[in-house]
């Protein structure tokens, strides 16, 4: 915690007691972003699977089985990130803190989802080329979909960072305005 109200304006996220909820929100966003990709793009729209551009197109039962297995490993990883995010959020709820603004959760989740899209897009679509966002369109259009996916990810990272930054400013302002009033600092109560 910040040592005084004046320090609240320059306090780090750890001093404000917000490191755990921010990390939890980012992990939750990473996991949910992965689930969206896997459920919507892989299963519902069937635009691609994990290895469809890596020599395993879904044109045979054997290739489809292999891609489904890789999709399963991918879903297991996103499930682990989601559970870890929920665990950190729950753990953070027991720490001494002021009430977290809703924008902290939303901002952290957008940051995580955007990081997922950006990293997955750069690595899988561009560096490794193991699949592309929409393989149902002609191959000369794949790059447009891949770049659009990256831009969507970067936009979420920027929006998430801005929301998280505003949330930290809001918490610092609450501490500054509240002084050392009970219920705002040093207790487990969330009400302002």
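Quick note: the coordinates plus some simple rules give every number you see, no bench work behind them. This one's a predicted model, so the numbers in the text were calculated from it and none came from an experiment. Here the Cβ is made from the backbone with ideal geometry for all residues, glycine too, and neighbour counts use every protein chain on show.
Brief remarks on what is shown
- The orientation-averaged projection of the convex hull spanning the C-alpha atoms of the stretch 5-178 amounts to 10.5 square nanometres.
- For the stretch 19-120, the equivalent ellipsoid derived from the Cα gyration tensor has semi-axes of 34, 12, 9 Å, listed largest first.
- Peptides 38-47, 125-134 ranked from most to least packed, by the mean per-residue count of other Cβ atoms within 10 Å: 125-134, 38-47.
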